[in-house]
Every structure is written in structure tokens, then in C-alpha cells.
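Scroll down for the structure; my scribbles are underneath it.
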Amino acid sequence: MSDNVDKKGIHQLYNEDPVSADKLVFGRESYPNRRGFLKGAGLATMAAVLGGAIPFHRNMPAGMVPVAFADGLDDIVISGKDGLTILNDRPLNAETPPHLLDDAITPTDRHFIRNNGIPPSNVSPENWTLTIDGFVDKPLSLTIEDLKSQFEVVEQALVIECGGNGRAFFEPKAKGNQWTYGAVGCANWKGVRLADVLKAAGVKKEAIYTAHFSADKHLSGKEGKLPISRGMPIEKALGPENVIAFEMNGEVLHPMNGAPLRLVVPGWPGSCSQKWLTQITLRDQVHDGPKMTGTAYRVPNRPVSPGEKVDKKSFDIIETMPVKSLITYPATNTKLKGASTQVRGHAWSGDRTITKVEISIDFGATWVDASLKEAVNPAAWQNFSADISFPQSGYYEVWAKATDDQGISQPFAIAWNPKGYLNNTLHRIALNVEV
Ligand SMILES: Nc1nc2c(c(=O)[nH]1)N[C@H]1C(S)=C(S)[C@@H](COP(=O)(O)O)O[C@H]1N2
Ligand SMILES: [Mo]
């Protein structure tokens with residue numbers, strides 16, 4: 001399949017070539033016979049997007065655009081999600097507007113979705129197995145029940161942020177999902193520590209890197225072609241913060257957030273947190289799966305000028321994520337009555353802690369310290385709030401700037417990079433104040 005087709009959404013595909021659209025969406029081989037349809041890996045996304053399973057799917061005429069898709073992306077409602085902005089429907093990618101991320105712990109219905117391929121449909125948690133192999137003393141094959149019974153179960157609030165969050169603000173434009181602010185969330189994840197499971201398998205001294213595998217399919221539908229398989233250095237993998245999760249906010253995982261089993265690797269690019277997790281292989285070299293090589297989740301290791309073509313050899317793998325903050329109240333463009341308001345939000349910084357969040361209402365000329373809470377546990381984000389007064393009516397921008405325990409603050413402007421990663425410029429919202 002051409003790259004061009006890869007990037008098209010369901011609407012475009014149905015408009016231009018309904019027969020192959022059906023094949024792609026439903027994984028159906030022959031037309032108009034829908035045998036094999038249920039095996040189609042697109043059905044999970046279809047059901048999630050349409051808001052439920054499709055009981056009469058076998059009767060749907062081939063090439064028929066579901067009427068729920070008739071008017072464009074804005075009409076799509078993702079079952080179990082609330083108010084997300086849909087950036088792409090194939091694969092499904094959706095982010096959360098900042099004001100909907102106001103909760104200290106991100107509810108499941110407001111946690112963003114980033115899919116590289118086609119999620120598995122009809123997953124069976126009872127029969128799900130996770131294989132641990134490669135450079136281990138004793139390969140393991142574990143059901144979710146095995147994980148629960150053989151390892152300590154932990155629940156932690158953990159930040160997942162896509163490496164491309166903020167890409168929309170790069171100029172010249174970087175290709176990929178045009179995430180603005182909301183490809184980030186901090187949900188409660190329950191599961192077992194990755195470190196405990198790796199230690200149970202016995203980490204051989206040759207093991208230097210993990211490789212993660214999952215049950216989602218490549219957009220082309222080709223067997224054996226993986227949408228994404230990333231990994232991390234063994235030192236990071238053995239950290240106590242990483243979880244193999246089977247629950248999100250007290251319930252089974254949402255189908256689009258990796259049900260029934262996923263990795264959560266907080267502080268590092270979200271792409272390390274493999275969803276629909278089936279296998280972790282320990283390797284004696286840096287993993288080279290899809291989205292590990294080339295320029296994927298990598299940034300230039302030297303300063304580059306905007307738009308510059310950078311040699312592939314000059315890229316480094318993104319590891320810990322940069323210091324960042326998000327104002328979640330008030331919503332941007334609010335018309336505010338009264339001379340003061342509370343401003344609040346969250347701040348986080350990869351594997352580090354936040355020591356300070358400052359707020360400015362005068363375009364950065366002066367700053368006041370917000371009150372900052374400790375994280376509920378390591379690798380959760382930290383909540384801040386400040387009471388802000390405005391001297392007179394008019395247009396204001398409220399800016400937030402976080403500083404971490406290494407003394408590093410968010411920049412006002414960020415150096416451009418070819419794939420538009422790691423945009424951690426300070427968050428600005430607009431307010432119209434009537435005192
Ligand atoms: N199997 C699988 N895991 C995956 C992905 C994917 O496409 N397939 N996307 C990754 C990326 S790029 C991100 S940012 C996070 C997003 O997690 P979420 O969709 O639960 O928010 O999942 C990661 N894990
Ligand atoms: Mo991502």
C-alpha cells in the first residue's frame with residue numbers, strides 16, 4: 001500500500017475507493033462476500049468509533065459509508081471517551097483539550113488515544129498470554145491471572161505523553177499527527193512491576209535492551225508486518241515505575257488504550273508503553289523494530305535550522321521526556337467576569353520532579369510562584385494552582401512555566417526538529433477579563 005493511502009482516513013477512503021476501503025477497515029479478502037470479516041482487525045476501531053459493536057455487520061453492504069461518518073471527523077464519537085478531538089480516524093488518534101484534563105487523575109474517558117496500526121478485535125483476557133524471552137535465564141509465558149497471582153499488584157498514577165505532543169506548533173510543519181497540547185494523561189494504572197517480571201525470568205548479563213511486541217496489525221493488514229515495536233535500555237526497564245497494566249482507573253483497560261494488557265513506561269515517550277502487549281524480548285543490542293530506527297522517535301543530536309534536511313546518522317533515540325506544564329483551568333478564550341481567578345494545571349518532567357511552577361499575566365515580564373503539590377507517587381504529574389488578579393479589563397495571556405530538580409525550565413521557543421518531537425514550550429492561554 002502506498003504511503004499516501006496509509007495516511008488517508010476512513011472518509012476519504014470510502015469516497016474514493018469504497019471496495020478497498022472495506023477491505024482495509026474490515027480486513028475482508030473477497031468482495032462482496034464478507035467471509036473472514038470477523039477476523040478483520042479493523043472491527044475494534046470501527047466499534048469504538050461507532051460507539052458499540054455492530055450486531056448486523058454481516059448485512060452491511062460492501063462499500064457503504066456508515067452514516068455516523070457522513071459529515072466528517074467532528075461527528076465521530078468514540079465509545080467510552082468524552083470530548084476528545086479526533087485528529088485521524090485511520091489509525092484512530094485523538095487528543096484531549098487542556099480544560100478537559102483538569103482532574104488530578106485523568107479519567108479514562110479523557111485519556112488520549114494514539115494508534116499506529118489497527119487494534120486487535122475480540123480480545124479475550126482469559127486467554128491472553130505475555131511471553132518474556134530473549135536473554136533471560138528462564139523464558140516465561142504468563143496469563144493475566146498468573147501476573148496477578150505470582151507478582152505484587154501495584155497501582156500508580158503515571159504520565160504517558162506522546163513524543164509528538166505539541167507538534168502542531170512547529171514551523172515549518174512537521175509531518176505526523178498534529179497534536180496540540182492533549183496527547184498526555186496521568187491515569188491510575190494497576191498491574192505488576194515490569195522489573196519484578198523481568199527479574200523472575202532472570203535477566204542475563206548480555207541483556208542491554210527490551211523489545212516490545214503486541215497484537216495490533218499494520219495498516220496494510222500484512223501478516224507479520226508490525227505497526228510498532230519499541231524498547232528501552234535495561235536500566236530503565238528495571239526501574240520501579242514501569243508497570244505491566246491490566247487496569248486503568250479501577251476498570252479493565254479501554255480497548256483503545258491497550259486492553260487487556262499494556263506496558264506503562266512513564267516519563268519516556270508514550271511509544272515505549274506498548275499496548276495490547278504480548279511479548280517482551282530482552283536483547284543484546286539496541287532494539288531495531290518498527291518505529292525504533294531511522295528518524296522515528298528520534299531528534300537531531302546537534303542544532304539544526306528550521307526545515308534543514310538532517311542526515312539519518314545524526315539522530316538520537318528520545319529517552320526521558322522534557323519538563324512541561326499545562327494550564328487546565330480556566331479554558332483558553334474564556335470571558336472572565338471579575339478581577340481575579342484561580343489558575344491551575346499540572347507539571348511533569350520525564351524521570352525528574354518539578355520544583356517550581358511560575359505564572360505570568362504580563363507576557364513574561366514578571367512571574368509569581370504557583371502553589372505546587374508533590375506527586376501522589378513517583379512518575380505522576382504534579383498539580384499547581386495560583387490565585388491571579390488582573391489590574392483592569394482587557395485581553396490577557398496567562399503563561400505557565402515549570403522548572404525541574406535539575407534547574408531546567410520550559411523555554412519560550414523551541415528549536416525545530418524534522419519530526420516535530422518534544423515541544424515543551426511554556427503553555428499560554430488567552431483570557432478576556434471584565435473587572
Ligand atoms: N501496540 C501499540 N502500542 C502503542 C502504540 C501503538 O500504536 N500500538 N502507540 C504508542 C504511542 S506512540 C503512544 S503515545 C502511546 C499512547 O497510549 P494511549 O493510546 O493509551 O494514550 O501508546 C503507545 N503504545
Ligand atoms: Mo506517541
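Quick one: Tyr209 ticks every box in (1) open to solvent by 20 Å² or more (accessible area, probe 1.4 Å); (2) among the hydroxyl-bearing types (Ser, Thr, Tyr); (3) in contact with a His (Cβ under 6 Å, 6 or more places away or on another chain) except a single one, so which number is it?
Only one criterion is unmet by Tyr209, namely (1).
Cβ-Cβ distance below 7 Å, separation of 6 or more or different chains: which pairs start in the stretch 104-116 with a residue that is of a type outside the set (Asp, Glu) and open to solvent by 30 Å² or more (accessible area, probe 1.4 Å) and end on one that is near ligand 2 (Cβ under 10 Å from one of its atoms) and at pLDDT 95 or above?
Pairs that qualify, where the first residue is of a type outside the set (Asp, Glu) and open to solvent by 30 Å² or more (accessible area, probe 1.4 Å) and the partner is near ligand 2 (Cβ under 10 Å from one of its atoms) and at pLDDT 95 or above, are Arg114/Cys162; Arg114/Ala183; Arg114/Gly270.
Among (1) over 25 Å from His218 (Cα atoms); (2) within 15 Å of ligand 1 (Cβ to nearest atom); (3) touching a helix residue (DSSP H, G or I) at 6+ places or on another chain (Cβ under 6 Å), where does Phe151 come up short?
With (1) over 25 Å from His218 (Cα atoms); (2) within 15 Å of ligand 1 (Cβ to nearest atom); (3) touching a helix residue (DSSP H, G or I) at 6+ places or on another chain (Cβ under 6 Å) applied to Phe151, the lone miss is (2).
Which of the residues spanning the stretch 265-280 are over 16 Å from Asn127 (Cα atoms) and away from ligand 2 (no atom under 13 Å from the Cβ)?
Result: Pro266, Gly267, Ile280.
Name the residue, out of Asn377, Asn423, that is outside the structural domain of Arg167 (by TED's automatic domain parsing) and touching a Phe, Trp or Tyr at 6+ places or on another chain (Cβ under 7 Å).
Asn423
Can you give me the number of residues within the stretch 389-413 that are surrounded by fewer than 18 Cβ atoms within 10 Å (Cβ to Cβ) and of a type in the set (A, V, I, L, M)?
2
Among the candidates Asn424, Asn377, Asn383, which residue alone is modelled with pLDDT of 95 or more, within 21 Å of the chain's Cα centre (by Cα), closer than 23 Å to Ile160 by Cβ and not in a loop (DSSP other than H, G, I, E, B)?
Asn383
Tell me which of these Thr278 doesn't satisfy, since it passes every other one: (1) closer than 16 Å to Asn116 by Cα; (2) surrounded by fewer than 24 Cβ atoms within 10 Å (Cβ to Cβ); (3) not small (Gly, Ala, Ser).
Of (1) closer than 16 Å to Asn116 by Cα; (2) surrounded by fewer than 24 Cβ atoms within 10 Å (Cβ to Cβ); (3) not small (Gly, Ala, Ser), only one is false for Thr278: (1).
Quick test for you: out of Val136, Val159, pick the one residue that is within 24 Å of Arg230 (Cα to Cα), touching a residue at least 60 places away in the same chain (Cβ under 8 Å) and away from ligand 1 (no atom under 16 Å from the Cβ).
Val136
I'd like the full set of residues that are more than 18 Å from Leu263 (Cβ to Cβ), away from ligand 2 (no atom under 15 Å from the Cβ) and either open to solvent by 60 Å² or more (accessible area, probe 1.4 Å) or polar (S, T, N, Q) (or both), limited to the stretch 281-306.
Asp284, Gln285, Asp288, Thr293, Asn301, Arg302, Pro303, Ser305, Pro306, listed by residue number.
Mind listing just one residue for me: the one in the stretch 307-336 that is touching a residue at least 40 places away in the same chain (Cβ under 8 Å) and of a type in the set (Val, Ile, Thr) and, of those, nearest to ligand 2 (Cβ to nearest atom)?
Checked the stretch 307-336; the qualifying residue nearest to ligand 2 (Cβ to nearest atom) is Ile318.
The values are calculated or read from the model by the stated rules, or taken from the named source; none is laboratory data. As the structure is a computational prediction, the values presented were derived from the model and not from experiment. In this analysis, Cβ positions are derived from the backbone assuming ideal geometry, glycine residues included, and neighbour counts consider all displayed protein chains. We work out accessible area using only protein heavy atoms, side chains counted, and drop any ligands, DNA or RNA first. Shrake-Rupley method; radii C 1.70, N 1.55, O 1.52, S 1.80 Å.
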